[in-house]
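> Would you mind keeping the following structure in view while I ask a few things?
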Amino acid sequence: MNKFEELKRYRFIKKLRSNAIAIITNQIEIHSGYFKMHYLIGRINDIQPLDIDLNIFEKFYNEIQFYPVGEERKLYNMEYLKKLDSKLELVDAKYKNLLDEKCKEIIEKFKDIKDFC
């Protein structure tokens, strides 16, 4: 890994940690937060995988990826959204504690990461 890749990776890790904090503190809508986690983990893994098991995020992403989130929800009929939301709540309940614990692990593990700019 060259210096540019290392710097880029550290920046993505800082964003990953920041996103984990935003999820835990409800500063970001939960599903949008986990879509962002999926993206950031992918960018980090493109450079060099982390030494932490993040498979729970991939499992959750695979179950929610076809549900509308964020601005996309405005394009759906309210009755249809209610049906989708009831199904999505079951998925959320299944993963909530595991995801929260993994976010806390990320926050703790990467608390000392530095930006080399």
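The values are calculated or read from the model by the stated rules, or taken from the named source; none is laboratory data. What you see is a predicted model, and the numbers here were worked out from it, not measured in a lab. Cβ coordinates were reconstructed from backbone atoms using ideal geometry, including for glycine residues, and neighbour counts include every protein chain displayed. Side chains included, ligands, DNA and RNA excluded: accessible areas come from the protein's heavy atoms. Shrake-Rupley method; radii C 1.70, N 1.55, O 1.52, S 1.80 Å.
> Filter region 1-25 down to residues that are at pLDDT below 95 and not in a helix (DSSP H, G or I), then give me how many there are.
2
> Continuing with the same structure: Among all residue pairs at least 6 apart or on different chains, which show Cβ distances below 7 Å where the first residue, located in region 96-115, is closer than 15 Å to Arg9 by Cβ and the second is open to solvent by 80 Å² or more (accessible area, probe 1.4 Å)?
Ile113/Lys14; Asp115/Arg11; Asp115/Lys14
> Would you point out the residue of region 27-54, among those that are over 11 Å from the mean Cα position of the chain (by Cα) and not in a loop (DSSP other than H, G, I, E, B), that is surrounded by the most Cβ atoms within 10 Å (Cβ to Cβ)? So that I can check it myself, show each step before the final result.
As a first pass, look at region 27-54 and keep what is over 11 Å from the mean Cα position of the chain (by Cα): 27, 43-53.
Narrowing further to those that are not in a loop (DSSP other than H, G, I, E, B): 43-47.
Numbers: Arg43: 15, Ile44: 20, Asn45: 13, Asp46: 12, Ile47: 17.
Looking at the filtered set, the residue picked out is Ile44.
> Tally up the residues in region 66-95 that are free of Cβ contacts under 8 Å to residues at least 12 places away in the same chain and outside any helix (DSSP H, G or I), please.
Selection size over region 66-95: 3.
> Hey, another quick one. So which residues in region 15-61 are under 23 Å from Lys94 (Cβ atoms) and of a type in the set (D, E, K, R), if there are any at all?
Glu29, Lys36, Asp53, Glu58, Lys59
> Now, a different point. Would you confirm, using the coordinates I've provided, whether Asn62 is assigned to a helix (DSSP H, G or I), of a type in the set (S, T, N, Q) and open to solvent by less than 50 Å² (accessible area, probe 1.4 Å)? Write out each step before concluding.
On the way: assigned to a helix (DSSP H, G or I): yes; of a type in the set (S, T, N, Q): yes; open to solvent by less than 50 Å² (accessible area, probe 1.4 Å): no.
So Asn62 fails the test.
> Of all the residues that make up region 65-108, how many are touching a Ser or Thr at 6+ places or on another chain (Cβ under 9 Å) and open to solvent by 80 Å² or more (accessible area, probe 1.4 Å)?
0
> Could you list, in sequence order, the residues of region 6-17 that are surrounded by fewer than 17 Cβ atoms within 10 Å (Cβ to Cβ) and under 11 Å from Phe110 (Cβ atoms)?
Result: Lys14, Lys15.
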